[in-house]
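Some notes on the structure that comes next.
The values are calculated or read from the model by the stated rules, or taken from the named source; none is laboratory data. Because the structure is predicted, anything quoted here is derived from the model rather than measured. When we count neighbours, we look across all protein chains shown, and the Cβ atoms used for this are built from the backbone with ideal geometry, even at glycine. Protein only, heavy atoms only, side chains kept; ligands, DNA and RNA dropped before computing areas. Shrake-Rupley method; radii C 1.70, N 1.55, O 1.52, S 1.80 Å.
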Amino acid sequence: MHNTFVWNELMTRDPAAVTAFYGALLGWTYDTMATESGADYWVARLGDRPVAGIMDMNGPDFTHLPPHWFSYIEVDDVNARVAKAETAGANRHPRGPNRRGGWLDDLGAAKLSGHAAPSPLLLPLGGD
């Protein structure tokens, strides 16, 4: 559904503690898969339904970032939304360690280019 949150990822330096915590708190179970870099990625499930991702932030690409939730919003036309965001005051965000550029608004929301997904997405940049 357009204009709604469709996925959340927790970026953490302690995935073992995080998976144990959310497993005990919310009853999540996990499927683990390897990323292109070889790091593990956990898909949290509530029953059969995937509800979130957990990504290990250990490594040089993440030294400047605190642990954070990273949420994805589906939109119908990402380029039209970016143009609307720029009209509303969003600024171009330079390429970061993941080599994706984007547009950043004053609240921290960004569209990251180079993101492969079934639907165009606006992605907020994580914070504390």
**OP:** Could you tally the net charge around M57, taking each other residue with its Cβ under 11 Å from the Cβ of M57, Lys/Arg +1 and Asp/Glu -1?
**Re:** -3
Original post:
Measuring with a 1.4 Å probe in the full set of protein chains, what accessible area per residue, in whole Å², belongs to the range 40-85?
Top reply: 54 Å²
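Using packing as a proxy for protection, rank 37-43, 50-56 so that the peptide with the highest average count of other Cβ atoms within 10 Å comes first.
In descending order of packing, they fall as 50-56, 37-43.
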